[in-house]
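Have a look at the structure below, then the notes.
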Amino acid sequence: MATSRLPPATLTLKQFMRRQQVLLLYRRILQAIREVPHDSDRKYLKDWAREEFKRNKSATQEDTIRMMITQGNMQLKELEKTLALAKS
């Protein structure tokens, strides 16, 4: 009987792709937060983002993860719009 040479905690391709989406979203949020002009607001947003991702890191349901990525992208767009308005 052939056994898999992969360790038991190996991600499937789908899980790996979702993980990459989450990491990209996290980096994009942090990059947008760097544009916030006030230090106190920047710190608040950075702490908020970090807590949200930590709080949800144990999620395993595919639909739940997809929904959270969608919500995160909407929040990122909203932040980017707000920052663009603040600059103009």
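The values are calculated or read from the model by the stated rules, or taken from the named source; none is laboratory data. Everything numeric here is computed off the predicted structure, so don't read it as measured data. In this analysis, Cβ positions are derived from the backbone assuming ideal geometry, glycine residues included, and neighbour counts consider all displayed protein chains. Accessible surface is based on the protein model in full, side chains and every heavy atom, while ligands, DNA and RNA are left aside. Shrake-Rupley method; radii C 1.70, N 1.55, O 1.52, S 1.80 Å.
Miscellaneous remarks
- Each stretch of four or more DSSP H residues adds -39500 (n - 2.57); spread over every residue of the chain, this sum gives -25500 deg cm²/dmol at 222 nm.
- Whole-Å semi-axes of the chain's equivalent ellipsoid (Cα gyration tensor): 34, 13, 11
- For the chain, the longest principal axis of the alpha carbon atoms and the long axis of helix 13-33 meet at an angle near 20°.
- Region 11-88, dipole about Cα centre (Lys/Arg Cβ +1, Asp/Glu Cβ -1), debye to the nearest 20: 260
- For region 62-72, Karplus couplings with θ = phi - 60° (6.51, -1.76, 1.60), whole Hz, Gly/Pro x: 4, 5, 5, 5, 4, 4, 5, 5, 4, 4, x
- Debye, to nearest 20: dipole size of region 48-88, +1 on Lys, Arg Cβ, -1 on Asp, Glu Cβ: 160
- Normalised per residue, the accessible area of region 16-84 is 76 Å², obtained with a 1.4 Å probe and no contribution from ligands, DNA or RNA.
- Solvent-accessible ranking of 16, 53, largest area first, probe 1.4 Å: 16, 53
- Selection from 40, 86, 24, by position along the positive dipole direction of the chain (Cβ): 24
- Protein heavy-atom surface of the chain, 1.4 angstrom probe: 57% of the accessible area is carbon and sulfur, with nucleic acids and ligands not counted.
- Under 27 Å, Cα to Cα: Lys pairs in the chain, sequence gap 8 or more or different chains: 18
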